[in-house]
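Here is the structure we will look at, set down as structure tokens.
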Amino acid sequence: MAEKSVPTLQVEHLKKYFKTKKGWLHAVDDVSFSIESGQTLGVVGESGCGKSTLGRTILRLHEPTSGKVYFNGEDVTAFSKARMKQARSDMQIIFQDPYASLNPRMTVSQTIAYPLIIQGKYDARDKEGIAKKVREVMDMVGLAQRLVNTYPHELDGGRRQRIGIARALSLEPKFIVCDEPVSALDVSIQAQILNLMQDLQQQLGLTYLFITHNMSVVKHLSDNIMVMYLGQMVEFCEAKQLFRNPCHPYTQALLSAIPVPDPDYKTERILLEGELTSPINPAPGCRFAKRCRYATEQCFGGETPVKEVEPGHFVACHFPGKR
Amino acid sequence: MADNDNILEIRDLKIVYKTQEGVVEALNGASLSLKRGQTLGLVGETGAGKTTLARGIMGLIPKPPGQVVGGEIFFNGTDLLKASEHDMRKVRGAQISMIFQDPMTSLNPVMTVGEQIEEVLRAHGRSVKEAVEGAHEMLEMVGIPKERAEEYPHQFSGGMKQRIIIAIALACNPEFLIADEPTTALDVTIQYQVLVMMQKLKEQFNTSMLMITHDLGIVAQNCDYVAIMYAGQVVEYGALREIFKDPRHPYTLGLFGSIPSLSEDTDRLTPIEGMPPDPTRLPTGCPFHPRCQYATEACAQWKSEAYPVGGEHTVRCLRFQPAEKREEA
């Protein structure tokens, strides 16, 4: 499928297990996908489904248990420490919580300049060059110049998240993992940040892996969407397709549970019983089977097949599209 | 005095917090009413005063720094602001109950969940035996087997903890329930489970409810009336359809423009420009005017008040001032 051009990011059979007292926690379990240059892949799922671990494992903030991550055709998992540091200027991350992810003792300009010095793009003594670059990046993300010497605690959530974005952008990366960048923000501020991220993507040709639990945000931003459940991919397809024709029973339940801001909107809503089971030493078979209304005996054992139900639309289910 | 159909009527409530940085005007003349058996959705962003309003009704404003400086809160026709602390203790939990936002921190970690439900019942005069039976009954009602009454909060998942908090709030069968962002900390499928359960219990007991949320989707699917708050005021109030089908206040319009739609494809969102005001230094006149695209010079001078625009719908915006009032001025 990647004959015509090398995708910016290609992930093959990526696994990340954590050792716990009770056994192995399968946080990311055999996930494969690719993102073309300049596109956005939305990753959705509920808390504990492994979506943040996936983002971090791709950047090797967690070492993968097995599997490969190719960035512009190069195998990131085989990089040496030094080569990885170098690669990080092309692969950045924006964190979820703008209150916890900024160093409270660094000013806005120090925070933005830090990666530039670490990566050796600027000499720490080149005050003027750094200041110029910081001003440029602040303009890009819509931070007023008068804030250059303020500390994070003086700023509201929206401005703090702009600092987080500016810090990621200062190295001029090609690929950014966005880990719930707007979920801590109020809706009106959230909309400002989403517009900003869209503009930056177009201007700079960025590729995003956008992790969120907010379905309307993911639909708005993504080209493709991957739905995760307990560490595994359950459905992958083009964004509009997912909302038009959700084929995995979990996706169907997830979409139907979203409260729609229209009093006249009526649809069949699927009430899922129970909650996420533990990803520690999971039983074989489909991990959703216990809560699935269509589950039969074969769902509780063996491999769950990944079927292509329409071109580019993959579903990990024995009965995709059943309604 | 107050309308008999209304279980709750708040008039011109003003609450301030006196801090080192200055006086925070958390509520700035908020008014609203709630009919018996109905659910009112209270919508607004961080700092709009939603939680202060809820705490004001419960008489739980921390003093100092908080202070109620004006207004009336009628509950079943009596002004709660004039009630003694002794009387308020009888009201709280028995007649008015509150579900707090964060299920992870609002349960006592060193008490079994059964004991935490029993505590409410005991405080309102039930015997030990009645309280234990009542706690078991409540657990079953929110879908938790009564055998688990002996367990501690950490043994439950987030959705289950929120069910326990709901059980505590409903234990004395209150007439009026305040739910402060009851599902914000939960995942969407669990949120749906909890909302369905709350709706069922509400119908079963004919409870009136004030649902505080920032999610317009939850309001559309669960409420009968809506109050939109901004900078300590209710800027728009009306029946569900009046607000969702015919929003008038520029702030309400801005909120609707900020949410990405699931049914339509939009390329760009139309957010509200700027930031919410600093509550220690509110703008003069209409607090929204510095961010409002329709603002005129008159907005900064205007003595903010709500105007009826048909039905039960009221809007706190100068653009909807009736013509006769305009001539007076």
Practice task
Beta carbons within 10 angstrom, averaged per residue: use that to sort the peptides B:19-32, A:193-206, highest first.
Solution key: B:19-32, A:193-206
Completion exercise
One would report the antiparallel percent of DSSP beta bridges in chain B, rounded to the nearest 5, as 60 percent
Handout entry: Chains A and B, summed buried accessible surface - 1.4 Å probe, Å², nearest 100
Key = 3700 Å²
Exercise for the section: Return the FRET efficiency for the residue pair B:Asn108, A:Gln110: r is the Cβ-Cβ distance, R0 is 45 Å, and the value is rounded to the nearest 0.05. Expected result: 0.60
Fill in the blank from the handout: Relative contact order in percent for the range B:106-173 (Cα pairs under 8 Å, 6+ apart) equals 45 percent
Handout entry: Candidate aspartates and glutamates - alpha carbon under 18 Å from B:Lys303, same-chain residues fewer than 8 apart omitted
Key = B:Asp12, B:Glu25, B:Glu236, B:Glu324, B:Glu327, B:Glu328
Practice task
Please give the per residue accessible area of chain B, computed with a probe of 1.4 Å over protein heavy atoms only, in Å².
Solution key: 45 Å²
Practice task
For A:Met226, enumerate residues with amide H under 5 Å from its amide H, sequence gap 5+ or separate chain, H modeled in the peptide plane.
Solution key: A:Gly42, A:Val43, A:Val44
Practice task
Report relative contact order for chain B in percent, whole number only (criteria: Cα-Cα under 8 Å, sequence separation at least 6).
Solution key: 20 percent
Practice task
For the range B:106-173, state the average projected area of the convex hull of the C-alpha atoms over all orientations, rounded to one decimal in nm².
Solution key: 4.0 nm²
Fill in the blank from the handout: With label points set 7 Å from each Cα along the Cα-to-Cβ direction at B:Val69 and A:Asn103, the distance between them in nm comes to 4.2 nm
Fill in the blank from the handout: The simple spin-label model distance between B:Glu297 and A:Asp30, using points 7 Å out along Cα→Cβ, in nm, is 7.3 nm
Handout entry: Residues whose placed amide H lies under 5 Å from that of B:Gln233, excluding near-sequence neighbours
Key = B:Asn28
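Pop the C-beta distance of A:Ser47 and B:Ser84 into the FRET formula with R0 = 45 Å and round what comes out to the nearest 0.05. Each step should come with its number before you reach the end.
Values: r = 44 Å, r/R0 = 0.98.
That pair, A:Ser47 with B:Ser84, gives E of 0.55.
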Exercise for the section: Return the sequence-ordered ³J(HN,Hα) values of the range A:151-163 in whole Hz as given by the Karplus equation 6.51 cos²θ - 1.76 cosθ + 1.60 applied to θ = phi - 60°, using x for Gly and Pro. Expected result: 9, x, 5, 7, 10, 7, x, x, 5, 4, 5, 5, 5
Handout entry: the range B:147-161 and the range A:34-63: distance between their alpha carbon centers, rounded to Å
Key = 31 Å
Completion exercise
For the range B:99-114, in residue order, the Karplus 3J(HN,Hα) values (coefficients 6.51, -1.76, 1.60; θ = phi - 60°; whole Hz; Gly and Pro = x) are 9, 8, 4, 9, x, 6, 10, 9, 9, 7, x, 9, 10, 5, 5, x
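Which of A:Lys22/A:Lys85; A:Lys19/A:Lys121; A:Lys322/B:Lys161; A:Lys51/A:Lys322 have a Cα-Cα distance over 31 Å?
Too far apart for the 31 Å limit: A:Lys22/A:Lys85; A:Lys19/A:Lys121; A:Lys322/B:Lys161.
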Problem - Other-chain or far-sequence residues with amide H under 5 Å of B:Gly41's (modelled H) - result: B:Met211, B:Asp224, B:Tyr225, B:Val226, B:Ala227
Handout entry: Share, in percent, of DSSP beta bridges within the protein assembly as shown that are antiparallel, nearest 5
Key = 60 percent
Problem - Helix B:128-141 axis, angle to chain B major axis (alpha carbon atoms, nearest 10°) - result: 60 degrees
Practice task
Springs between alpha-carbon atoms under 10 Å, Gaussian network over chain B: tell me which of B:Asp79, B:Asp87, B:Asp224 tops the mean-square fluctuations.
Solution key: B:Asp87
Problem - Relative contact order computed over chain A (Cα-Cα under 8 Å; 6+ residues apart), in percent - result: 21 percent
Exercise for the section: For every helix of n ≥ 4 consecutive DSSP H residues, a contribution of -39,500 (n - 2.57) applies; sum these over chain A, divide by its total residues, and give [θ] at 222 nm rounded to the nearest 500 deg cm²/dmol. Expected result: -8500 deg cm²/dmol
Problem - 10 Å Cβ neighbours from other chains, averaged over peptide B:254-260 - result: 6
Problem - Candidates A:Pro279, A:Pro259, A:Pro64, ranked by Gaussian network fluctuation over chain A, Cα under 10 Å, top entry - result: A:Pro259
Exercise for the section: Can you figure out the FRET efficiency of B:Asp12 with A:Tyr151, using R₀ = 60 Å and their beta-carbon distance, to the nearest 0.05? Expected result: 0.95
Practice task
Rounded to whole Hz and in sequence order, give me ³J(HN,Hα) for the range A:242-259 from the Karplus expression 6.51 cos²θ - 1.76 cosθ + 1.60, θ = phi - 60°, writing x for Gly and Pro.
Solution key: 4, 7, 6, 9, x, 10, 7, x, 5, 4, 4, 5, 4, 5, 6, 7, 5, x
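Return the calculated 222 nm mean residue ellipticity for chain B, to the nearest 500 deg cm²/dmol, obtained by summing -39500 (n - 2.57) across DSSP H runs with n ≥ 4 and dividing by the residue count.
Calculated at 222 nm, the ellipticity per residue is -9000 deg cm²/dmol.
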Exercise for the section: Take every residue in peptide B:265-272, count the Cβ atoms of other chains within 10 Å of its Cβ, and give the average of those counts. Expected result: 6
Handout entry: Only Lys, Arg (+1) and Asp, Glu (-1) charged, at Cβ; chain B dipole about Cα centre in debye
Key = 460 debye
Exercise for the section: Pick out, from B:Met160, B:Gly114, B:Leu139, the residue whose Cα sits farthest towards the positive end of the charge dipole of the range B:106-173, with +1 on the Cβ of Lys and Arg and -1 on the Cβ of Asp and Glu. Expected result: B:Met160
Fill in the blank from the handout: Pseudo-spin-label distance A:Ala144 to B:Leu282, built 7 Å along Cα→Cβ, given in nm, is 2.2 nm
Practice task
Please go through the residue pairs B:Lys14/B:Lys63; B:Lys35/B:Lys200; A:Lys127/A:Lys174 and name each one whose alpha carbons sit more than 21 Å apart in this structure.
Solution key: A:Lys127/A:Lys174
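The values are calculated or read from the model by the stated rules, or taken from the named source; none is laboratory data. As the structure is a prediction and not an experimental result, all values here were calculated from the model. All Cβ positions, even for glycine, are placed from backbone atoms using ideal geometry, and neighbour counts span all protein chains on display. Heavy atoms of the whole protein, side chains included, go into the accessibility calculation; ligands, DNA and RNA do not. Shrake-Rupley method; radii C 1.70, N 1.55, O 1.52, S 1.80 Å.
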